[in-house]
2 protein chains.
Amino acid sequence: MGRVVEITDVILRDAHQSLLATRMAMEDMIPACEDLDNAGYWSLECWGGATYDSCIRFLNEDPWERLRTFRKLLPKTKLQMLLRGQNLLGYRHYEDGVVERFVDKAAENGMDVFRVFDALNDLRNLKTAIAAVRKTGKHAQGTISYTVSPVHTTQAFVEMAQHLKDMGADSICIKDMAALLKPQQAYELVKGIKEKCGADTLIHLHVHSTTGVTMVSIMKAIEAGCDIIDTSISSLALGSGHNPTEAVVEMLSDTGFETRLDKARLLKVKDYFAKIRPRYREFMSDFTGVDTEIFKSQIPGGMISNMESQLKGQGAGDRLQEVLAEVPRVRADAGFPPLVTPSSQIVGTQAVFNVLMGKYKAMTAEFADLMLGYYGSTLGKKDPKVLAQAEAQAKKPVITGRPADLLKPEWEHLRSAALALEGCNGSDEDVLTHAMFPQVAPKFFKSRSEGPKNLGKDPVKKEAAAPAKPEGKADGAANGNGGLKSPVTYVVSIHGREHKVTVAPGA
Amino acid sequence: MGRVVEITDVILRDAHQSLLATRMAMEDMIPACEDLDNAGYWSLECWGGATYDSCIRFLNEDPWERLRTFRKLLPKTKLQMLLRGQNLLGYRHYEDGVVERFVDKAAENGMDVFRVFDALNDLRNLKTAIAAVRKTGKHAQGTISYTVSPVHTTQAFVEMAQHLKDMGADSICIKDMAALLKPQQAYELVKGIKEKCGADTLIHLHVHSTTGVTMVSIMKAIEAGCDIIDTSISSLALGSGHNPTEAVVEMLSDTGFETRLDKARLLKVKDYFAKIRPRYREFMSDFTGVDTEIFKSQIPGGMISNMESQLKGQGAGDRLQEVLAEVPRVRADAGFPPLVTPSSQIVGTQAVFNVLMGKYKAMTAEFADLMLGYYGSTLGKKDPKVLAQAEAQAKKPVITGRPADLLKPEWEHLRSAALALEGCNGSDEDVLTHAMFPQVAPKFFKSRSEGPKNLGKDPVKKEAAAPAKPEGKADGAANGNGGLKSPVTYVVSIHGREHKVTVAPGA
């Protein structure tokens, strides 16, 4: 028996968030639950900001009901969620009372492991959430948002881990959303944390597979003592998603490390999601390979497509390369924030503005807030000139305290606002839904009684896909170079419905 | 400066063989040559059995002309080929004089590195080719066809490496075509060879990425001292192909190992093939993920689809699972041959026969030959009962000698047969083409003057691909669940030609 390496599968949350735009319907996850629950996972990640948002925005599904359903269907396995620290699952800071209320309700509805992170790695944005989780008796995981910059040394991250532990974190997560963590760095970071914080400190590694190196980083992290690894079932893995669960199991053969996973169960889950995935084709990311350019620009793939569409909207689609070169400079001016929601959008948009209008000629309100400390503190120093510009433009002072300290108790106000909405059921859960997504919740409350929507569709028949192939013609026809010689009939499938179409040449 | 790990890129041969059914036209490779030649590779693999076959069968291109063109366009880099030992690039054993002639001609036309392998790992099938390469002064690489079985221990492979070295091999290749080589086994095998054959023994690792673990195997092989690694540029990598070149470069950062590769050149090659790949969509393998089931069955993916179509042809498409279970038993009966061309086809077809007609009720001639030693010897012992059946059915004796020893000098005969063909130019190269592909060469000689064909096609417009989208309708329409309400016009693209099609609901 080798040392057991524990596995968390992200198939119910980050896998479809990364690969299918978070659109998977609950009814498409339910049939996999029995096998997942019996496969021997340390935990199953199944809830977070994007899944919550998608539930009420696209799927007409109550995210709290989703959580309760998972709890019922996964009785043997810990449920895990991703929590944006003081932002909860939303995009602004919430007052401490709201943070505590949210954590209480999530625990009460069945959550076991809370992975708490902050986009800037500002520990003050984590402390209320971690303390709240501790109070419920659930597992509080303190998170390092991994990034690469001149100030983000292994030593700096190790110290952050120690602070998280001092804060009461039950485990430390290294969260590498952009797949920047290379093998040697993974080894040194895990080793450093174990040495500094004690060998019994639980370390949980979350990496994406985007750059193609992180499978090796997982191996080196395990060699350095890493305890728990995030993976995703292979039929919904790779690309900007995660490393495949089954491959991690196999990779460990005879190494002196092993997982507790039941391969027969994994195979059933894999075959199941292999059938589900094509139903979400229209939401699939085009990117399925690897991209090592991310190491140069530090810019995650999702951010690039975002900037591209901003540029195209301005008729400046040809200036992407300038923007890609500008992003690292803006990031340096802002004190090297990790590039993750929301800092990635804030830095990216400012870089677009700089290229289109001249350096800091126009500053977004969000970028000014980032410079002035309203999102928290950064590890690097901010550029004093840009900071002065931000102050002048935003007409707000620099703050150095914890942003949430500026907030007054807001629960009663949030509660009355929610209760005034048609369809609000008066529960704390509904108040929290409205508090986090005030734009989307009113419509959701109104339509909730209609029940969940499934946006998956039966895959378009292969005949109708590119290239369309004439009925009753041999396969070999596809190899010819010639065009059409006489009218032929095709089966064209639109929105899952088949149509026979006759086409004449040159029609 | 860390230890330099050398890289061979397979983009010009095995990458498109694995991912695009070997169809890439020479004209689609030429524009990448300057960057490839200046990127700092140890060698570029660019020639082998399947590329040769595809040239004359599908592309109307002279494979020798392809070799000469590569030589001209890649003056700084070693050219590398894959040679099936005594089978050369064909499917039968050739007499020694033909093997020597082929090697001479390949060297003369510009080949530098000959990777010589045998499907059964029978060293007697390698020795003439290796000696012939040595005589030309070029690089002879002796190959271990990696497989997993009770008899294929690390020790057995290490001994094979020593025999290859004794035979005069300039380097040892570990060739893992089915992605079965796990990290720990990679480490032990490389370490074992270095210890047994000397630290200065050059070891070259070839792995596919199919099972998702071999990126880690590459890392462990390097840690054990491996000198050269096969990779493929990322835009034509992964799936049943290879691990991405750029990711291997990045993975080594700060590890004490480094490649000599120029990242800017790699990026240009990547961007170039990212544009070429979609032109071969119709030849693309559907498989782009990872498949760890191969570890259980030992059956490479390509072999499964082959057996599937055999079964369907017999109206027994539902019996694949039985066949998958039968393959390992047939392989054991046959003495555990590695499953690679041609042994994979021979074992697979026999397994299909066993399932459909009863155990060895019908034996293919090829399987009988395999049992009786006509392909060479296997590492494992053969089942005596099945062996007796083979003898009885084939009415041929068991042989224990080298199969090619049964052959008489055949060059003059091959020469006169080729020269009698219309369009044969009388060169030794043409004689070899006809000798290796007697079914295909006559047609090729006849049509050669028409010049090469390019089977790539401009990608089908996205609008015509699944799902077809009505012209002039907003994107949002695709999100609705409703069918068609009124006639709409589509653009359908067939064989690169666009057709406007109007469809009415329920037509």
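Structural remarks
- Count of segment B:259-306 residues which are away from every other protein chain (no Cβ under 11 Å) and β-branched (Val, Ile, Thr): 5
- Looking only at residues of segment B:244-258 that are part of a loop (DSSP other than H, G, I, E, B) and buried (at least 17 other Cβ atoms within 10 Å of the Cβ), we find that the one that is nearest to the other protein chains (Cβ to nearest Cβ) is B:Thr255.
- In this structure, A:Asn60 does not satisfy being polar (S, T, N, Q) and under 27 Å from A:Asp227 (Cβ atoms).
- The residues on offer are A:Leu266, A:Leu238, A:Leu261, and the sole one that is over 22 Å from the mean Cα position of the chain (by Cα) and buried (at least 24 other Cβ atoms within 10 Å of the Cβ) is A:Leu266.
- Filter result for A:Arg281 (part of a helix (DSSP H, G or I) and not assigned by TED's automatic domain parsing to the domain that holds A:Cys197): yes
- Top-ranked residue in segment B:295-311 [being in contact with a helix residue (DSSP H, G or I) (Cβ under 7 Å, 6 or more places away or on another chain) and modelled with pLDDT of 80 or more; ranked as nearest to B:Ile233 (Cα to Cα)]: B:Phe295
- Residue under evaluation A:Gly239, criteria (1) within 11 Å of chain B (Cβ to nearest Cβ); (2) touching a Lys or Arg at 6+ places or on another chain (Cβ under 8 Å), criterion not met: (2)
- Every residue from segment B:243-283 that is without any contact (Cβ under 8 Å) to a residue 40 or more places away in the chain and of a type in the set (D, E, K, R): B:Glu246, B:Glu250, B:Asp254, B:Lys263, B:Lys270, B:Asp271, B:Lys275
- Complete set of residues in segment B:86-103 that are surrounded by fewer than 19 Cβ atoms within 10 Å (Cβ to Cβ) and more than 13 Å from B:Thr433 (Cα to Cα): B:Arg92, B:Gly97
- Test set (1) more than 21 Å from B:Ala237 (Cα to Cα); (2) β-branched (Val, Ile, Thr); (3) within 7 Å of chain B (Cβ to nearest Cβ) - A:Ile222 fails condition number: (3)
- If the condition is being touching a Lys or Arg at 6+ places or on another chain (Cβ under 6 Å) and over 15 Å from B:Ile172 (Cα atoms), then segment B:79-99 contributes no residue at all.
- Only one of A:Leu189, A:Leu164, A:Leu181, A:Leu120 that is assigned to a helix (DSSP H, G or I), buried (at least 23 other Cβ atoms within 10 Å of the Cβ) and touching a Phe, Trp or Tyr at 6+ places or on another chain (Cβ under 8 Å): A:Leu189
- For segment B:202-214, the criterion of being more than 20 Å from B:Pro300 (Cβ to Cβ), of a type in the set (Ser, Thr, Tyr) and facing chain A (nearest Cβ under 8 Å) is satisfied by no residue at all.
- Here A:Gly380, A:Gly401 are screened, and the one residue that is out of contact with any strand residue (DSSP E or B) (no Cβ under 7 Å at 6 or more places or on another chain), exposed (fewer than 14 other Cβ atoms within 10 Å of the Cβ) and under 21 Å from A:Leu126 (Cα atoms) is A:Gly401.
- Test: B:Asn60 is of a type outside the set (Phe, Trp, Tyr), at positive phi and surrounded by fewer than 22 Cβ atoms within 10 Å (Cβ to Cβ): yes
- Here the condition is being of a type in the set (S, T, N, Q) and either within 30 Å of A:Ser285 (Cα to Cα) or in the same structural domain as B:Asn121 (by TED's automatic domain parsing) (or both); of B:Thr292, B:Thr349, B:Thr341, it holds for B:Thr292 alone.
- Residue that is nearest to B:Thr288 (Cα to Cα) [pool: residues in segment B:1-31 that are small (Gly, Ala, Ser) and in contact with a strand residue (DSSP E or B) (Cβ under 6 Å, 6 or more places away or on another chain)]: B:Ala15
- Segment B:139-155: number of residues that are surrounded by fewer than 22 Cβ atoms within 10 Å (Cβ to Cβ) and either over 15 Å from B:Lys175 (Cβ atoms) or of a type in the set (Ser, Thr, Tyr) (or both): 7
The values are calculated or read from the model by the stated rules, or taken from the named source; none is laboratory data. The model shown is predicted, which means the values in this text are computed figures rather than measured ones. Heads up, the Cβs are rebuilt from the backbone with ideal geometry, glycines too, and the neighbour counts pull from every protein chain shown.
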